[in-house]
Amino acid sequence: AWPAMAKLAKDSFETEVFGRVWGILVTSSRIGSVTGGLMLAPTIAIGWQYPILIVSASLFLFSWMVRYQGVSHAQNSVYEPVIQSTSISDEDSLTECIGAGSDDKSSDDISSDGANSNDSGNGTDGANPNQQESQITFGQAMRLYCVDPELLLVIASEAMLLTVMDSGGLLPLYLNKALGVDVSTAARMATLFPSGMAISAFIIGFPYDALRPTGRANMLLGLGCAAIGCFLALGQETSQESTKSDSTIWQTGSLLFLAGATIAPAKYLPSTIYVLENIDSEHSGKVLALMDVPGYVVSAIFFKIYPSLIEKTWSPLWKVLAGMVFISTASIVTQQLMENSRSRRR
């Protein structure tokens, strides 16, 4: 659903403010992760003890959704004749205006039309390059995009950060096994990671819009270095075996929050904005949807091998995640610098 949401947002807002708009929209998914983590443990506990409550609540929500759909359909049926009549009257008014304006058409317009027809005859109709691109098939478009170095760098960054984000599912296990935190508290502490992502995505979109590609590159480089430091600090902390103190637990929570806050801007903003601004509108939705496929492949490989990484200690896992952030940061910073060079040549 998010490619459709991205295209709708792009069509509804100016390019100058799209970064902040998209940052606010993607915050909803992170809020969902935070809410789910906070409610998961008590919901499971209640469900085991009082399953009738969970079943009753689910049936109530389902019946409410069905009723809402029925009311919405009835309202659309009531308003549709009014909308049609309004559209007809507007169309009549527009026809009258066009008829009046056609009588006053100037010779300049006629000469302009003649010039345009001459241009068309010469094969230079001034069409948008995207219009030419939209006439090719999706297979041809994919072959064209697959050799775009900037798009490949964006996909590489997206793949690494998608895997890092998915690793958040291991945080309750890490907090329970490595730090000795009880399961319920571990589930709540794990929400610090998506909380950092939500707050950062909401805020960073504003300066992202105001910065040029070089400024964005510097910002993403600083955030990437900070994220690498957070993951390496988590690995160092895990390897020290002094994992039971309250201060260590609080320190771990702070590092998880900062790690989420520093990877979110590179995860959500550059990739989506690049595709919507540089890929033909006919194919951008498909490219957005397919752009996550390499990330899911990398994530599947990661979850296949991660048990071997944590046999003795969790430190190797954090080092692998730090390496992924390094690759992502190098890729997206290089792409921003290439975009700056491209814009200067125009």
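The values are calculated or read from the model by the stated rules, or taken from the named source; none is laboratory data. Being a predicted model, the structure only gives us computed values, none of them experimental. Surface areas here come from the heavy atoms of the whole protein model, side chains and all, with no ligands, DNA or RNA. Shrake-Rupley method; radii C 1.70, N 1.55, O 1.52, S 1.80 Å.
With a 1.4 Å probe and every protein chain left in place, tell me how much accessible area residue 320 has, in Å² to the nearest 10.
Accessible area of residue 320: about 50 Å².
Show 11, 292 ordered by accessible area, largest first, where the area counts protein heavy atoms only and the probe is 1.4 Å.
Largest to smallest exposure gives the sequence 11, 292.
Let me check something: with ligands and nucleic acids excluded, how do 18, 303, 62 order by accessible area (1.4 Å probe), largest to smallest?
So the residues, ranked largest to smallest area, are 62, 303, 18.
For the full complex of protein chains and a 1.4 angstrom probe, list 193, 257 by accessible area with the highest value first.
From most exposed to least exposed: 257, 193.
With 29 Å as the limit, write out which pairs from 10/304; 177/319; 7/267; 177/304; 267/319; 10/267 have Cα-Cα distances beyond it, or answer none.
Too far apart for the 29 Å limit: 10/304.
Which value in Å does the Kirkwood hydrodynamic radius of segment 192-346 take, with 1/r averaged over all unlike C-alpha pairs and then inverted?
17.1 Å
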